[in-house]
Amino acid sequence: MTTLAAPMRRPVAYTGVWSWITTVDHKRIGILYGASALFFLLVGGIEALLIRTQLAVPGNTLVSSDTYSQLFTMHGTTMIFLFVMPLSAAFFNFMVPLMIGARDVAFPRLNALSYWVFLFGGLFMNSSFFMGGAPDAGWFGYANLTSNQFSPGARIDFWVLGLQVLGLSSLMAALNFIVTILNLRAPGMSMMRMPLFVWMTLITSFLLVFALPVLTVGLTLLLFDRFFGTHFYIPAGGGDPLLWQHLFWIFGHPEVYILILPAMGMVSEVLPTFSRKPLFGYPFVVYSGILIAFLGFGVWAHHMFAVGMGPVADAVFATTTMLIAVPTGVKIFNWIGTMWGGALDFKSPLCFAVGFIGMFIIGGISGVMHASVPLDLQQTDTYFVVAHLHYVLFGGAVFGLFAGIYYWFPKITGRMLNDAWGKVHFWIMFVGANLAFFPMHLLGLDGMPRRIYSYDPSMGWNLWNLVSTVGAFTIALSVLIFVINAITALRRGARAPNDPWDAQTLEWSISSPPPVYNFATIPVVHSRRPFWDEKYPDAAHGKAAHAEPEHHGAIHMPNPSYFPIVIALGILVAVSGLMIHPAVSILGAIIMLIGVYGWSFEPAA
Ligand code: HEM
Ligand SMILES: [Cu+2]
């Protein structure tokens, strides 16, 4: 094969734009994921502000009912698939290899491919705004709203195809992280010595691998209904709209754990560091994570109580849903146990971690309320549900992610964020989130339906809607403070030492930012706190981590490659072809094949 490979040179640039386009370095890919996710946070955030501005006063005419449907659909879809998931992926990428003492992920080029496919998928879906309107059937796109009869035009096509592409990206990333974590751990790092964040990455990846294919099947059937005239979801043709609800939620409920478990992992790193204690009940936190993931596949129909499944199915799904609260509660007690009696150092990461616990408890309680079928029949499709999901997704996932951002920013960038402004950010965001989302409970109990673009002044919903809108802008202010803090830190922030927080895990044992090869010598691990033991050998009873001298010469890192972005581009063109002309799809397939061919025969050095 050398003859075929000979004309293809591997890219050599290590600086400039090309170096980012061809990079296969897990740290750079992590930064790309993070920057893209923050961009989509701004997009989804602006959509949220438009929604809240429209609802600030009754009878408002800022946006039409049609625009409003696009806004809430794209807000939900963007926040979930283009912000929380990729921001978690940013940390999987940057931190997991460092935390397990590896030099990269198992499949570096596949990693780059995952990123480019995600980026193109996200841009593809958002381009719909400029082509006759964005998807508008809600983030769970119920049949029959998505049928050609009720949604002619391209809007739902963008949603179906965009989600397929994004799913592909997540699936590749998940397989990559499973192999990385199972195979590339430093010597001595047994499974039960892995940092909690690594555990939650592993569990999240398994969730993705088992849950995403169900969505893929559901979307493929919908794609056939829309493009090829089948009737999977169309009752007039013998199909069943409820089939979509089942398929979507078999994916959708595990998906909410895909959103929250990474944040739980981050909190489980931050709390021990800033309490100066080991994580309390480590095995319980690990096993409860596994149990949550496992049970998460058995609760999906709690989203469907209102369709009338009958008492047996209702009872089963109510019970399994209540059961899931048990491992979740176990985690919460262990976090509190970690802080108990610790030397708490209230820096910004700890503030966000504690905020996470408080907000997540509120969201968890309203969640268990939905498990009760009679209560759910009152609450479903009201603002009570919107309140609940934002307490877990905003108060939970977003606060946890910010704990992670403040914690690892110095390691990633080599600069310190200003801690005082970090706390200002925390308090404004905390007040804003509660102002924005708590009144939604009251509105929901008062009967305000979700997904309405306007309401009558006589309904009695005026005050709390206005308060909620003020809260949304308060959140926006806090995000602005964060952005300014981050830009200032990058420009002229204090240089970050290797280990600014006196932390316990391996990523803090190397420089900030880490060198390309991460570890000059791969560490040997003897406990759950390898770096702590090295710093405090007396407390470690001689179990300090040590680096064994290696016998090879220079460290060889994977080379950059052009082909991941070529394949991703081929996928984008092929998918767009379904909406334009079959010839375009064939062109896309050819581009993809060229990419796969080049990738396969790429010279190793
Ligand atoms: C600035 C912060 C945010 C505000 C003010 C906000 C506001 C809202 C409002 C008012 C709705 C209901 C729209 C309606 O039913 O008519 C909504 C829906 C939704 N939000 Fe948010 N949100 C915020 C952040 C987030 C985040 C961070 C996530 C996820 C990680 C998220 C996920 C969702 C989802 C999934 C829906 C349901 C969309 C649908 O009904 O299809 N939101 N948001
Ligand atoms: Cu659920």
request  = For residue 382, enumerate residues with amide H under 5 Å from its amide H, sequence gap 5+ or separate chain, H modeled in the peptide plane.
outcome  = 450
ask   = At a Förster radius of 45 Å, what calculated FRET efficiency corresponds to the Cβ-Cβ distance of residue 179 and residue 494, to the nearest 0.05?
value = 0.75
ask   = Can you pull the percent of the chain's accessible area that's carbon plus sulfur, 1.4 Å probe, other chains left in place?
value = 72 percent
request  = Calculate the translational D of the range 215-274 in whole µm² s⁻¹ from Stokes-Einstein, where the hydrodynamic radius comes from the Kirkwood formula applied to all Cα pairs, the temperature is 4 °C and the viscosity 1.567 mPa s.
outcome  = 94 µm²/s
request  = Hey, could you get me the Stokes-Einstein D for the range 321-371, Kirkwood radius over alpha-carbon pairs, 4 °C and 1.567 mPa s, rounded to whole µm² s⁻¹?
outcome  = 108 µm²/s
request  = Using a 1.4 Å probe and counting only protein heavy atoms, arrange 529, 52 so the residue with the most accessible area comes first.
outcome  = 529, 52
note = For 204, 15, the accessible-area ranking with a 1.4 Å probe, largest leading, is 15, 204
query = Measuring from centroid to centroid over Cα atoms, what is the spacing of the range 120-143 and the range 213-273 in Å?
reply = 16 Å
inquiry  = Take residue 192 and residue 343, extend 7 Å from each Cα along the Cα→Cβ direction, and tell me the distance between the two endpoints in nm.
reply    = 2.9 nm
note = Calc'd 3J(HN,Hα), the range 102-107, phi into Karplus 6.51 cos²θ - 1.76 cosθ + 1.60 (θ = phi - 60°), Hz, glycine/Pro = x, comes to 10, 9, 6, 7, 5, 10
ask   = Rolling a 1.4 angstrom probe over the protein heavy atoms, how many square angstrom per residue are accessible across the range 211-350?
value = 38 Å²
request  = In whole Hz, with x marking every Gly and Pro, tabulate ³J(HN,Hα) for the range 573-578 from phi via Karplus 6.51 cos²θ - 1.76 cosθ + 1.60, θ = phi - 60°.
outcome  = 5, 4, 5, 4, x, 4
ask   = When the Kirkwood radius is taken over all Cα pairs of the range 170-321, what Stokes-Einstein diffusion coefficient follows at 25 °C and 0.890 mPa s, in µm²/s?
value = 139 µm²/s
Solvent-accessible area of residue 526 with every protein chain in place, 1.4 Å probe, in Å² to the nearest 10 = 60 Å²
remark   = Whole-Å distance linking the alpha carbon centroid of the range 170-201 with that of the range 427-500 is 34 Å
Gyration tensor over alpha-carbon atoms, the chain, equivalent ellipsoid semi-axes in Å = 38, 32, 23
inquiry  = If I model a spin label as a point 7 Å beyond the Cα along the Cα-Cβ vector, how far apart are those points for residue 46 and residue 210 in nm?
reply    = 4.0 nm
inquiry  = Compute for the range 111-210: radius of gyration divided by Kirkwood radius, i.e. Rg/Rh, restricted to C-alpha atoms, rounded to two decimals.
reply    = 1.16
task = Taking 7 Å along the Cα-to-C-beta vector as the label spot, tell me the residue 368-residue 559 distance in nanometres, rounded to one decimal.
result = 5.8 nm
key: Set of the range 24-66 residues, backbone N closer than 18 Å to the point 7 Å along the Cα-Cβ line of residue 466   = 52-62
ask   = Which far-off residues, 5 or more places away or on another chain, put their amide H under 5 Å from the one on residue 415, with H placed in the peptide plane?
value = 496
query = Reported to two decimal places, what Rg/Rh ratio describes the range 398-495 when computed on Cα atoms with Rh from the Kirkwood expression?
reply = 1.16
request  = Just subtract the alpha-carbon distance of residue 361 and residue 64 from 0.36 nm times their residue separation and send over the number in nm, one decimal.
outcome  = 103.3 nm
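The values are calculated or read from the model by the stated rules, or taken from the named source; none is laboratory data. Computed from a predicted model, the values in this text were never measured in an experiment. A quick note on method: Cβ atoms are made from the backbone with ideal geometry, for glycine too, and the neighbour counts reach across all protein chains shown. Heavy atoms of the whole protein, side chains included, go into the accessibility calculation; ligands, DNA and RNA do not. Shrake-Rupley method; radii C 1.70, N 1.55, O 1.52, S 1.80 Å.
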